[in-house]
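Here's the structure we're looking at; comments come further down.
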């Protein structure tokens with residue numbers, strides 16, 4: 001959703017400024033593709049996401065995010081990547097400190113109104129095929145960095161997110177917002193003529 | 001006439017190249033956000 005919002009605001013900015021929408025040149029794009037493969041298998045592919053063990057999922061998540069951090073470093077000349085990178089570091093820190101998955105409390109899970117009853121989830125277990133692990137606030141290291149924020153009730157989409165997720169969303173929007181303000185001599189990728 | 005056609009095809013291929021690069025950049029950003037983020041959605 002952050003990318004969609006970013007594309008909209010960037011396009012509007014370009015239109016108002018009578019400039020083309022120019023996406024900055026990104027380095028080492030292949031790193032993102034390599035990084036995403038283990039996460040795709042562990043968290044997104046229906047065939048494997050519930051079959052992988054918690055340990056495998058944790059290893060996939062941490063190694064994947066470490067590679068993404070490298071990608072953010074290679075693209076640090078874009079200011080938005082400092083925000084993206086910081087968000088990633090915050091997420092990676094709380095994930096590493098809590099067994100390799102993002103901690104979430106029972107109270108926060110209740111607010112999401114999941115299909116399975118809350119009692120089905122055991123403390124310390126992975127929540128379905130997700131990146132989250134159910135932990136009490138007392139058990140969670142750096143609890144303020146965990147998935148503790150929930151989208152407002154009137155929002156049609158239910159999600160719990162962390163401070164790191166918020167920074168990542170803001171960084172993505174900022175990168176695309178800047179795309180609406182670039183000039184031709186910065187070697188961008190022009191998508192409108 | 002030939003040069004006009006040639007110029008048009010060069011412009012078209014340049015535009016296509018730019019669109020492909022832009023799509024690749026946006027796709028990369030989407031994957032980055034999906035990979036770096038760890039939100040919990042209400043469908044697990």
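Brief remarks on what is shown
- On Cα atoms only, tilt of A:80-97 relative to the major axis of chain A in degrees: 10
- Cα gyration tensor category, rounded, prolate or oblate, for the range A:1-74 with a/c compared to 1.5: prolate
- Average Cα contact separation per residue, the range A:44-127, under 8 Å, 6 or more apart, as relative contact order %: 28
- Pairs of Cα atoms nearer than 8 Å and 6+ residues apart set the relative contact order; for chain A it is 37 percent.
- Residue A:125/residue B:3 FRET efficiency (R0 45 Å; Cβ-Cβ; nearest 0.05): 0.05
- Overall form of the range A:136-182 per C-alpha gyration tensor (a/c, 1.5; a/b vs b/c): oblate
- Theoretical gain in end-to-end length, residue A:107 to residue A:66 [0.36 nm per residue, Cα-Cα removed]: 11.8 nm
- For the range A:61-115 versus the range A:150-180, the gap between their alpha-carbon centres in whole angstrom: 13
- Relative contact order, percent, the range A:1-85 [alpha-carbon distance under 8 Å, six or more residues apart]: 26
- Cα gyration tensor shape of the range A:1-153, rounded if a/c is under 1.5, else prolate or oblate by comparing a/b with b/c: prolate
- Here B:40, A:102, A:123 are placed in order of increasing Cβ neighbour count within 10 Å, fewest first, which gives A:123, B:40, A:102.
- Treating r as the C-beta distance of residue A:76 and residue B:30 and R0 as 30 Å, the FRET efficiency rounds to 0.90.
Where a number appears in this text, it was derived from the coordinates with a stated rule and is not lab data. A quick note: this is a predicted structure, and the numbers were derived from the prediction, not measured. So basically every Cβ, Gly included, is an ideal-geometry build from the backbone, and we count neighbours across all protein chains shown.
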